[in-house]
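The values are calculated or read from the model by the stated rules, or taken from the named source; none is laboratory data. Please read these numbers as outputs of a predicted model, since none were measured by experiment. FYI the Cβ positions are ideal-geometry reconstructions off the backbone, even for glycines, and counts take in every protein chain you see.
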Amino acid sequence: MTDQKRLFEQLKRLSTEQRNPTSMDIDARSIREALEIINNEDKKVPFAVEKEIQYIAQAVELVVAAFKKGGRLLYAGAGTSGRLGVLDAVECPPTYGVSPEMVQGMIAGGEAAMFRAQEGAEDKQENGAKDVEAKQVTDKDVVCGIAASLRTPYVIGAVKEAKRRGAKTLYVTTNPRSRFYSPEFAELAEVVDVAICPEVGPEVIMGSTRMKSGTAQKLVLNMISTTAMIRMGKVYENMMIDLQMTNLKLKERAKRVVMTITGVDYEKATEVLEAAGGHVKTALVMIKANVGKEEAQARLRRADGFVRAAIEGKEYTIA
């Protein structure tokens with residue numbers, strides 16, 4: 001069998017490449033009817049993700065452990081999957097005040113692929129391996145492969161090289177778990193620590209995995225990075241408290257955060273933030289615990305950066 005025929009047969013078996021019976025006549029439907037079909041299919045996505053929460057939790061535990069060792073979370077994907085990984089990564093620094101090095105995205109074809117499809121860039125495992133090598137991945141890191149179709153060579157190559165280097169590995173696909181652990185993908189399954197497989201079913205437009213598959217992947221990546229940041233002390237109650245005051249909007253948002261959590265007025269929030277050197281966490285502890293800057297900073301160190309524990313004057317503990 002030729003390589004092309006082997007690929008044809010492989011694609012034919014993937015759930016993401018099947019025809020969706022609910023949209024067989026979508027080309028003959030009215031605009032409203034077409035939208036209703038798409039919307040009804042999209043409603044299935046959160047329920048598919050819900051079934052994978054136990055595996056997403058395992059992934060978060062690995063990511064948090066990596067962060068605490070000074071390691072990184074690196075996404076690897078092609079096309080839509082790759083863009084979603086890059087998107088999740090670039091949003092972490094302004095949202096949580098972390099270094100751009102902490103969460104990174106690798107996409108087949110490099111930066112140019114973010115804006116225009118780089119056809120063929122995903123077809124070689126060695127391309128993914130080279131990108132992992134260029135990132136100097138170590139056993140401190142977590143590499144998360146993202147591939148709706150499961151079989152993307154670039155992603156498989158990246159995950160294999162990451163495992164060879166001792167990193168923990170994750171894999172997000174919208175094909176069934178049974179397919180992931182089938183003999184066909186046994187070599188991949190051997191190098192993946194946690195597989196996350198929300199089964200969203202065939203796309204409204206056959207093979208257009210930027211639709212339900214992309215939505216499912218976005219939800220999963222949001223859950224991984226957000227929950228990991230919560231467990232790193234970047235959130236108090238349900239508010240971002242480690243945002244970077246890098247522009248006027250964020251400076252005003254910081255004041256609003258302090259005002260909302262502590263109940264002080266605008267002038268007091270401005271005053272305490274200035275005294276805290278613009279550090280929202282320090283300002284919160286100063287106000288809530290009624291202590292000076294030095295004591296607030298000492299409490300935060302003892303609490304490993306967790307504001308709730310710092311306010312209570314405790315070391316950080318969580319179930």
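So the values come out like this:
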{"quantity": "Matching option when the condition is over 28 Å from the mean Cα position of the chain (by Cα) and outside the structural domain of Lys168 (by TED's automatic domain parsing), among Thr2, Thr22", "calculated": "Thr2"}
{"quantity": "Given (1) over 22 Å from Cys197 (Cα atoms); (2) small (Gly, Ala, Ser); (3) surrounded by 15 or more Cβ atoms within 10 Å (Cβ to Cβ), number of the condition Ala48 does not satisfy", "calculated": "(1)"}
{"quantity": "Total residues in the range 170-192, condition in contact (Cβ under 8 Å) with a residue 40 or more places away in the chain and surrounded by fewer than 16 Cβ atoms within 10 Å (Cβ to Cβ)", "calculated": "1"}
{"quantity": "Failed criterion for Gln136 (all others in (1) at pLDDT 95 or above; (2) out of contact with any helix residue (DSSP H, G or I) (no Cβ under 6 Å at 6 or more places or on another chain); (3) surrounded by 15 or more Cβ atoms within 10 Å (Cβ to Cβ) hold)", "calculated": "(3)"}
{"quantity": "When residues of the range 102-140 are limited to those that are in a loop (DSSP other than H, G, I, E, B) and hydrophobic (A, V, I, L, M, F, W, C), the one farthest from Val191 (Cα to Cα)", "calculated": "Phe115"}
